[in-house]
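Some notes on the structure that comes next.
The values are calculated or read from the model by the stated rules, or taken from the named source; none is laboratory data. Keep in mind that this is a model prediction, so the values were computed, not measured. Because the Cβ atoms are built from the backbone with ideal geometry, glycine has one as well, and the counts that use them run over all protein chains shown. The area values use the complete protein model at the heavy-atom level, side chains included, leaving out ligands, DNA and RNA. Shrake-Rupley method; radii C 1.70, N 1.55, O 1.52, S 1.80 Å.
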Amino acid sequence: MRVLAAMSGGVDSAVAAARAVDAGHDVVGVHLALSETPDALRSGSRGCCSREDAADARRAADVIGIPFYVWDFAARFREDVVDDFVAAYAEGRTPNPCLRCNEKIKFSALLEKALALGFDAVCTGHYARLVAGELRRAVDADKDQSYVLAVLTRHQLAHAMFPIGDTPKPAVRAEAAARGLRVADKPDSHDICFIPSGDTRAFLGARIPARPGPIVDAETGAELARHDGVHGFTIGQRKGLGIGAPAPDGRPRYVLGIEPATGTVTVGSAERLDVRTIEGADPVWSAGVAPGPRFDCIAQVRAHGGVAPAVAEPTGDDGLRVELLEPLRGVAPGQAVALYRPDPDGDVVLGSATITATA
């Protein structure tokens, strides 16, 4: 096949591209320039899409022996990922920018361009597996990225390749070193790639006008403090609430609810974070259709952790209702709920939806 290898400048995508070559495919490497300030340098494991990353990707392509290009997707990334991220927080939701990037950039914008240019597939360094057309968890559970890929459609999965999903991360690094790839020991990127400082609140504060509101106790309704905007909070948050005194029982308080219309942030005990029902919108089914009108599954609400057995039911208004058989905590609107097949391994992705409400 003609394969377009998305090369971030990291070790995973470099080894994935090399493996695609080993498999006999005609491979071309491409680095996506997503940052509007590419001259900004990485700070260890923070940041990405810098000039340094592009240079690392180019050197890896030279070692592998494939053509290499840089494509400017910065405007599309800003619109579909960064602006979406800011708008969601302004509305009291908690988005997942990595998931949105996979959905809108790597497997929408990039894949569309690749297919238009005559490529058969896009290859990435994601830790996930494709087996007989089914998206599955990676062998390395600590690195598994199937959750952030659960937004991909059947069509997109049919044109995707994840060559390293069957390999633990240490072995990927060892393979990179054996291949002579300088990125073998390059630190993994952490946090949100377009916020290299790691200070999400400051990033949002510079883009969302201040809108003061109350922080209210869920038990008594009493106002405990004031804040500058709901964008500074997310469901389940414990630190940085700005409440001077502890709860009467001495236990910590957590953010339980965010009401953007009034600017009210409600806080209370950890027990109140328990969620048993999730409502979702715009479900995407990996096989093209839902497994059934009502079906057993395993629900996951975070990239790592937040897993519970559940029963899911598509609703007639292009929605999804998920009844959790065990409660989960810290489930926030704006996040995704990914559904997996309830077999012993629980590693086959069935689909996903954007969380709109919980109860």
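What's the whole-number percent of alpha carbon pairs in the chain lying beyond 27 angstrom?
The answer is 50 percent, as a whole percent.
Report the net charge of residues surrounding Thr277, where surrounding means a beta-carbon distance below 12 angstrom and charges are Lys +1, Arg +1, Asp -1, Glu -1.
-2
Among the aspartates and glutamates, which have Cα under 14 Å from the Cα of Lys186 when same-chain residues fewer than 8 positions away are ignored?
Asp12, Glu52, Asp53, Asp56, Glu175
Could you check which residue among Pro95, Pro248, Pro168 shows the biggest mean-square fluctuation in a GNM of the chain with a 10 Å Cα cutoff?
Pro248
For segment 245-344, report the % of Cα-Cα distances exceeding 22 Å.
The calculated P(r) of segment 245-344 puts 39 percent of pairs beyond 22 Å.
Can you list residues whose amide H is under 5 Å from Ala5's amide H, if they're 5+ apart or on another chain and H is modeled 1.01 Å from N?
So Ala5 has HN proximity to Val28, Gly29, Val30, Cys123.
Rounded to the nearest percent, how much of the accessible area of the chain (1.4 Å probe, protein heavy atoms only) is carbon and sulfur?
Carbon and sulfur atoms account for 51 percent of the accessible area of the chain.
Choose one of Ser286, Ser108, Gly165: the residue whose Cα lies farthest towards the positive end of the charge dipole of the chain (beta-carbon charges +1 Lys, Arg; -1 Asp, Glu; about the Cα centre).
Among Ser286, Ser108, Gly165, the one farthest towards the positive end of the dipole of the chain is Gly165.
If the cut-off is 20 Å between C-alpha atoms, which lysines fall inside it for Lys106, apart from same-chain ones fewer than 8 positions away?
The qualifying lysines are Lys143.
Can you tell me the FRET efficiency between Arg226 and Asp26 if r is taken as the Cβ-Cβ distance and R0 is 56 Å, rounded to the nearest 0.05?
The formula returns an efficiency of 0.40 here.
Accessible area per residue, 1.4 Å probe, Å², for the chain: what's the number?
On the way: 15920 Å² over 359 residues.
Result: 44 Å² per residue.
Taking the alpha-carbon distance from Lys104 and a cut-off under 19 Å, which lysines remain once sequence neighbours fewer than 8 residues away in the same chain are dropped?
Answer for Lys104, where 19 Å is the Cα cut-off: Lys113, listed by chain and number.
Compute a Gaussian network model of the chain, connecting alpha carbons closer than 10 Å, and tell me which residue from Val289, Val30, Val322 fluctuates the most.
Val289
Each label point is 7 Å from the Cα along the Cα-to-Cβ direction; what then is the distance between the points at Asp142 and Arg76, in nm?
In this crude spin-label approximation the distance works out to 3.4 nm.
When a/c reaches 1.5 or more, the comparison of a/b and b/c decides; with that in mind, is segment 79-175 rounded, prolate or oblate per its Cα gyration tensor?
Judged from the Cα gyration tensor, segment 79-175 comes out oblate (a/c at least 1.5, b/c at or above a/b).
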